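Undergrad: Pasting in a structure now, in structure tokens, and then I'll have a few things to ask.
What follows draws every value from the coordinates through simple rules; no lab data is involved. As the structure is a computational prediction, the values presented were derived from the model and not from experiment. In this analysis, Cβ positions are derived from the backbone assuming ideal geometry, glycine residues included, and neighbour counts consider all displayed protein chains.
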Amino acid sequence: MIDKHHGWNSSVKPIVLGFVISIILVFSSYQIVVYRHLSGSVLTFCVVGLAFFQAMMQLIFFFHIGLEDKPRWKFGMFLFMIFLASCVVLGSMWIIKNINSNVMMQMPMHAH
Amino acid sequence: MKELKKAPLEKFPDSHHDIYSKTVFGFWLYILTDFMLFATLFAAYAVLHNSTYGGPPAKDILSLDTAYIQSHVFLISTLCISFSGMYAHRRQAKLVNFTLIVTLLLGFLFLFLQFHEFHHLLQKGHSWVKSGYLSAYYTVVGTHTLHVVLGLIWIVLLIGSTFTRGVTPATIRRVVCMKMFWQFLNIIWVFIFAIIYLLGFI
């Protein structure tokens, strides 16, 4: 379907397939949030999971990320970015969560 | 007369030494740094998303339906600009111009919806000075909107370039870089829609 060497830049199939998959994924996440087919932390997990899956699909079909021939510079640099972004995002969330739970909130009225 | 001996290109282990591959790869590296920028903004949003300072929660002030329409508009515009890149590789100048113009129009529609939402929010008094949550919201969505504005300016210049020069090796490079930029913005919008709008409405 996707010609690894020269065809993928000028073929219609990956573009249309990526578009259709993205539409389906956006539609599904909208549906499950608005119509509450799921609930609670499962819902959060599904919405975030669908978002990451859609991003991955768009990266594969539009950017052709995993599909280059060796040496895979594009893919390698992308993985490095994922590593750094995970450190920043997850690290910030973890640290702030720890600070919030370990530092007591100041009471507005002091008993002086 | 000494003849300089040049190693033939096939002997290199990496065949991507043409200017197209180097330009596209360099632009890809820029896109990765832009991903990092948005990652830091999303980290700030993740920390501040509950800090509404006593104000109304996200579901009372944001419009999920507008964002859903924006998602579709942006997806269609990404489809158009992907076709632009494809037609550029096929050397079909007229179709490149046509799809670039359609992308431009859809981009303007997206911006119109976005500024309409901002205007609506600001009119109700939900400005970025009111709470940490609103600051984070305006920073993430505002940075994305700024990228879209600059992207649209770039599309206009690119249309000028392809209209006057047609499809040359240089314009193919530019159309492909533009296509990568717009697809990148689409991926960021996917995360904005999921994390800021959908998770805000749970």
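Undergrad: Could you list, in their original order, any pairs among B:Lys124/B:Lys179; A:Lys97/B:Lys130; B:Lys130/B:Lys179; B:Lys59/B:Lys124; A:Lys13/B:Lys179; B:Lys59/B:Lys130 whose Cα atoms are separated by more than 25 Å?
TA: Values: B:Lys124/B:Lys179 37 Å; A:Lys97/B:Lys130 23 Å; B:Lys130/B:Lys179 37 Å; B:Lys59/B:Lys124 14 Å; A:Lys13/B:Lys179 16 Å; B:Lys59/B:Lys130 17 Å.
Too far apart for the 25 Å limit: B:Lys124/B:Lys179; B:Lys130/B:Lys179.
Undergrad: Using helices alone, what [θ] at 222 nm do you get for chain B, with -39,500 (n - 2.57) per DSSP H run of 4 or more residues, divided over all residues and rounded to the nearest 500?
TA: -26000 deg cm²/dmol, from helical runs alone.
Undergrad: Of B:Val175, A:Gly91, B:Thr139, which is farthest on the positive side of the dipole of the protein assembly as shown, counting Cα position, with +1 on Lys and Arg Cβ, -1 on Asp and Glu Cβ, and the Cα centre as origin?
TA: About the Cα centre, the residue reaching furthest to the positive side is B:Val175.
Undergrad: A further question on this structure: Just to check I understand the Karplus step: with θ = phi - 60° and J = 6.51 cos²θ - 1.76 cosθ + 1.60, what whole-Hz values come out for segment B:183-200, glycine and proline as x?
TA: Running phi through 6.51 cos²θ - 1.76 cosθ + 1.60 with θ = phi - 60° gives 5, 4, 4, 4, 5, 4, 5, 4, 5, 4, 4, 6, 7, 8, 8, 5, 5, x Hz.
Undergrad: Which trypsin sites (Lys or Arg not before Pro) does segment A:4-95 hold that lie in a coil by DSSP with at most 11 other beta carbons within 10 Å?
TA: Loop-located and lightly packed - A:Lys4, A:Arg36.
Undergrad: Under the Karplus relation 6.51 cos²θ - 1.76 cosθ + 1.60, θ = phi - 60°, what is the ordered set of whole-Hz ³J(HN,Hα) values for segment A:80-85, x standing for Gly and Pro?
TA: 5, 4, 4, 4, 5, 5
Undergrad: Right, another one. Around A:Ile65, which amide H atoms from residues at least 5 apart in sequence, or from another chain, sit under 5 Å from its own amide H, with H modelled in the peptide plane?
TA: When sequence neighbours closer than 5 places are left aside, the close amide H contacts are A:Ile60.
Undergrad: Per residue of segment B:119-136, in order, report the coupling 6.51 cos²θ - 1.76 cosθ + 1.60 (Karplus, θ = phi - 60°) as ³J(HN,Hα) in whole Hz, putting x for Gly and Pro.
TA: 4, 4, 5, 5, 4, 7, x, 8, 8, 6, 8, 7, 7, x, 4, 5, 4, 5
Undergrad: Follow-up question, since we're still on this one. Roughly how many debye, to the nearest 20, is the charge dipole of the protein assembly as shown about its Cα centre, given +1 on each Lys and Arg Cβ, -1 on each Asp and Glu Cβ, and no other charges? Spell out each step's value before the answer.
TA: On the way: 22 positive and 11 negative charges, 156 e Å.
My answer is approximately 740 debye.
Undergrad: Taking 8 Å as the Cα distance limit and 6 or more residues as the minimum spacing, I'd like the relative contact order of chain B as a percentage. Numbers along the way, then the final one.
TA: Working: 168 pairs, mean separation 65.9, N = 202.
Here the relative contact order equals 33 percent.
Undergrad: Just to be sure I understand the model, the point goes 7 Å from the Cα along the line to the Cβ. What's the resulting B:Val129 to A:Glu68 distance in nm?
TA: Label-label distance for B:Val129 and A:Glu68, simple model: 4.7 nm.
Undergrad: Related question: Say R0 is 41 Å: what FRET efficiency, to the nearest 0.05, do B:His119 and A:Leu79 get from their beta-carbon distance?
TA: Working: r = 40 Å, r/R0 = 0.99.
In this case the efficiency is close to 0.50.
Undergrad: Charges only on Cβ, +1 for Lys and Arg, -1 for Asp and Glu: so what's the dipole of chain A about the Cα centre, in debye to the nearest 20?
TA: Details: 7 positive and 3 negative charges, 12 e Å.
Value, rounded to 20: 60 debye.
Undergrad: Then there's this: Under a Cβ-Cβ cut-off of 15 Å, what is the net charge of the residues other than B:Phe118 that fall near it, where Lys and Arg count +1 and Asp and Glu count -1? Mind showing how you got there, number by number?
TA: On the way: positive: B:Lys124, B:Lys130; negative: B:Glu117.
Residues close to B:Phe118 contribute a combined charge of +1.
Undergrad: So, one more: Looking at segment B:36-112, which chymotrypsin sites (Phe, Trp or Tyr not before Pro) are DSSP coil and have at most 14 other C-beta atoms within 10 Å of their C-beta? Please list the in-between numbers first.
TA: Numbers: sites: B:Phe38, B:Phe42, B:Tyr45, B:Tyr53, B:Tyr68, B:Phe74, B:Phe83, B:Tyr87, B:Phe98, B:Phe108, B:Phe110, B:Phe112; in loops: B:Tyr53.
In loop regions of segment B:36-112 (DSSP not H, G, I, E or B), the sparsely surrounded chymotrypsin sites (Phe, Trp or Tyr not before Pro) are B:Tyr53.
Undergrad: Then there is this: Ranked by Cβ crowding within 10 angstrom, fewest neighbours first, how are A:Cys87, A:Cys46 ordered?
TA: On the way: A:Cys87 12, A:Cys46 17.
Fewest-to-most ranking of A:Cys87, A:Cys46: A:Cys87, A:Cys46.
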